[in-house]
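A quick write-up on the structure given underneath.
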Amino acid sequence: MATKSKSAPKKSKSEYQSLREHIHIKGARSNNLKNVEVLLPKKKLIVVTGLSGSGKSSLIMDTLYAEGQRRYVESLSSYARQFLNRMKKPEVDFIKGICPAIAIEQKVTTSNARSTVGSLTEIYDFIRLLYARIGKTYSPISGDLVRKHEVSDVVEYIQKQKNGTKIVLMIPIQKRYERTLHQELYLLMQKGFNRLYINGELVDIENKLESKDENLSKSVTKLKEPIHILIDRFAVSDKEENKKRIADSVLTAFSESEGDCVVQIMGGISVSYNSRFELDGILFQEPTHQLFNYNNPYGACPKCEGYGRILGIDPNKVVPDDSRSLYDEAIACWRGEKGKAWLNQLIQSAHKFDFPVHKPWRDLSDDEQLLVWKGNGYFDGVETFFAGLQAKTYKIQNRVLLARYRGRTNCNDCKGGRLRKEARYVMVAGKNISELINIPIDELYVFFNKIKLNKYDAKIAERILTEIQSRLQTMIDVGLSYLSLDRMSNTLSGGETQRINLTRTLGSNLTNSLY
Ligand SMILES: [Zn+2]
């Protein structure tokens, strides 16, 4: 629906018309405008046409948009305003019935080398938030869920035991400082602890100090037998005050030991708890939204500093024509006189590990291609070849050769995911955040629509998921479903950038806005 409305309305009648239906501009004089007065209907798509230089932009951008933007900014707090450019009041008598204005300009504005489709559309920011709120960390060693124990976990375990069960709560002796056992025990006594648990027996600290144990003069860091300090002992009962006492004791245990405690059931098993975010000997990072921010040194992969790509040997330059087989010299750096020796080493031993040297490079499996890069016991791979050149860069021919194959390649620490490895241990619905940013938006949309969460997580994530889904939907609606979130913004076409900007403004849910 296009209304051409550039003619001035009838005299002064507009004054009485409802400002709900129209925007009234009077006496616009920006640039070459000569006291233009217009009445623009609201909630309509308006096309302003005319000869170039006739003042279309002066009226719409310099007057209407400028005033809308200025008034919107005026309404913000002075704190927010300091980040925005001060706007000049446009030359106009008055504009009535104006709404907050958003203008989409026809130019590619992004110059930030780090911005991506994900950050431009703000989808990545919401995904980051989602991972920080409901992400679960899994240990790369055992694949088990990492969680830190709370006081309530320990209390619950103790309360689950039969009434009357005798329990000893203790902590391992601390080995953080270079003290002798004698010094450590003396300090403990001063802090009010008076019993130890050694080899299944309770020992008075005082007696231990007076004993002739030769360990007393040894450093605690060199102790061989485990020594525990008794924090409390009690019998399990249903009484509320008993529960409170246990909770207090567990808290003391955690704070005294910086996160460790042991529950020993008398005549039974002992269970260790720790309140650190730790498993399999690794101390994990608790998910925060900074952990998933590759523009922040805390979250960025330390090797590529969050770019996802590093300067290295470009595989496309090493194998410029993937229709050739290894035998047919697919590896460009192994063609020359010197390189030939490396190739022969592979070809002559290929039958020993059943390698198809006559298959075109592109038909080799990923594992087979990787093998050529890495090498094995029978031959040295491409990586070794380049490492050899790298080691002798004082030779000019090596520098020339290296320069010929140098290019931007995926960082092999983060595999292009840009984040430090701790961030990749965090999963939502079985996927880590790096796996989500390199798939096309339509696949991502399916993932988020089918996502299954437990009741508790679903409640936390509800609002964030709505934001993500609506933005993904808009991206699909404007025909950009083929892009992935990690696509660099400086590789997008002007039209793509413009449509992404549209998504961002539409996604922000400002109602009654002026475009
Ligand atoms: Zn990296």
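An oblate overall shape is assigned to the range 413-487, the ratio a/c of its alpha-carbon gyration tensor axes (a ≥ b ≥ c) being 1.5 or greater and a/b not exceeding b/c. Cα gyration tensor of the chain, axes a ≥ b ≥ c as square roots of the eigenvalues: rounded (a/c below 1.5), prolate (a/b > b/c) or oblate? Since a/c reaches 1.5 but b/c is at least a/b, the shape of the chain is classed as oblate. The shape of the range 131-170 comes out prolate: with a ≥ b ≥ c from the C-alpha gyration tensor, a/c is at least 1.5 and a/b beats b/c.
Shown for the chain: cysteine residues without a partner Cβ closer than 4.7 Å, namely C99, C261, C333.
On a per residue basis, the chain carries 58 Å² of accessible surface, using protein heavy atoms and a 1.4 Å probe. Highest mean first, the peptides 444-451, 127-134 sorted by other C-beta atoms within 10 Å per residue fall in the order 127-134, 444-451. For T116, the residues whose amide H sits under 5 Å from its own are S489, ignoring neighbours fewer than 5 places away on the same chain, with H placed 1.01 Å from N.
Are there any trypsin sites (Lys or Arg not before Pro) in the range 198-242 that are in a DSSP loop and have at most 16 other Cβ atoms within 10 Å? List them by number. Please list the in-between numbers first.
On the way: sites: K208, K212, K218, K222, K224, R233, K239; in loops: K212, K218, K224, K239.
Those satisfying the criteria are K212, K218, K224, K239.
Lysine pair count for the range 151-276 with Cα-Cα distance under 19 Å and sequence separation of 8 or more or different chains is 20. Rounded to the nearest Hz, the phi-derived 3J(HN,Hα) couplings of the range 394-411 under the Karplus curve 6.51 cos²θ - 1.76 cosθ + 1.60 (θ = phi - 60°) are 6, 7, 4, 5, 5, 5, 4, 5, 4, 4, 5, 9, 6, x, 7, 10, 4, 4, where x marks glycine and proline. Over all directions, the projected convex hull of the C-alpha atoms in the range 151-276 averages 7.7 nm² in area.
Give the calculated FRET efficiency between F94 and D477 to the nearest 0.05, with a Förster radius of 30 Å applied to their Cβ-Cβ distance.
On the way: r = 37 Å, r/R0 = 1.24.
The calculated FRET efficiency here is 0.20.
Taking amide H as placed 1.01 Å from N in the peptide plane, the amide H of A300 sits under 5 Å from that of R420, each at least 5 places away or on another chain.
Expressed as a whole percent, the accessible area of the chain that falls on carbon and sulfur atoms is 49 (1.4 Å probe). 3J(HN,Hα) couplings calculated from phi for the range 280-287 with the Karplus curve 6.51 cos²θ - 1.76 cosθ + 1.60 (θ = phi - 60°) are, in sequence order, 6, x, 10, 8, 8, 8, 6, x Hz; Gly and Pro show x. Put simply, the amide H of L492, placed in the peptide plane, has no neighbours under 5 Å, leaving out anything fewer than 5 places away on its chain. For S77 and E122, a Förster radius of 25 Å and the Cβ-Cβ distance give a FRET efficiency of 0.70, rounded to the nearest 0.05.
Counting heavy atoms of the protein chains alone, D363 has an accessible area of about 80 Å² for a 1.4 Å probe. Note on the chain: helix-only mean residue ellipticity at 222 nm, from DSSP H runs of 4+ residues weighted -39500 (n - 2.57) and normalised by residue number, equals -10000 deg cm²/dmol. Remark: relative contact order (the chain) = 19 percent; criterion is Cα-Cα distance under 8 angstrom and separation of 6 or more residues. Applying 1/(1 + (r/R0)^6) with r as the Cβ-Cβ distance of A429 and K166 and R0 = 56 angstrom yields a FRET efficiency of 0.80.
In order along the range 338-346, the phi-based Karplus estimate (6.51 cos²θ - 1.76 cosθ + 1.60, θ = phi - 60°) of 3J(HN,Hα) comes to 6, x, 3, 4, 5, 5, 4, 4, 6 Hz; Gly and Pro are listed as x.
The values are calculated or read from the model by the stated rules, or taken from the named source; none is laboratory data. On a predicted model such as this, the values are computed, not experimentally measured, just so you know. Methodologically, a virtual Cβ is constructed for each residue, glycine included, from the backbone with ideal geometry; neighbour enumeration extends over all protein chains shown. Areas reflect the complete protein model, heavy atoms only, side chains present, ligands, DNA and RNA absent. Shrake-Rupley method; radii C 1.70, N 1.55, O 1.52, S 1.80 Å.
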